[in-house]
Amino acid sequence: MRKLTFAFAVLASLGGASLATSASAAPGVPMGVTAPDAVTTTVQMRRMERRMERRMMERRMMKRQMMKRRMMRRM
């Protein structure tokens, strides 16, 4: 039973170490062959998404203003 538990612990630590050290898209690829660092694509927002984004930004600004007002009142 101890050997089985020890074997699982060793396998788990090796698996965790391999995940921690290789953060590339293809960890099995030799170091000479690498993938491009970043893939950029342009995505256009729809009207509803822009509206939601704008509303979220407005709410953030309102929260900041309210926080500033509260802080000024306390002084």
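The values are calculated or read from the model by the stated rules, or taken from the named source; none is laboratory data. Quick caveat: nothing in here was measured; it's all calculated off a predicted structure. Ideal geometry is used to build each Cβ from the backbone, glycine not excepted, and the neighbour counts take in all protein chains shown.
Cβ-Cβ distances below 8 Å connect the following pairs, each with a first residue in the range 35-48 that is in a loop (DSSP other than H, G, I, E, B), a second residue that is modelled with pLDDT under 85, and a separation of six or more residues or different chains: ALA35/SER24; ALA35/ALA25; ALA35/ALA26; ALA35/VAL29. Every condition in (1) exposed (fewer than 10 other Cβ atoms within 10 Å of the Cβ); (2) modelled with pLDDT of 85 or more holds for GLY32 except the one numbered (2). Listed by first and then second residue, the pairs linking a residue in the range 59-72 that is of a type in the set (Gly, Ala, Ser) to a residue that is surrounded by 10 or more Cβ atoms within 10 Å (Cβ to Cβ), with Cβ atoms under 9 Å apart and 6 or more places separating them unless they lie on different chains, form an empty list.
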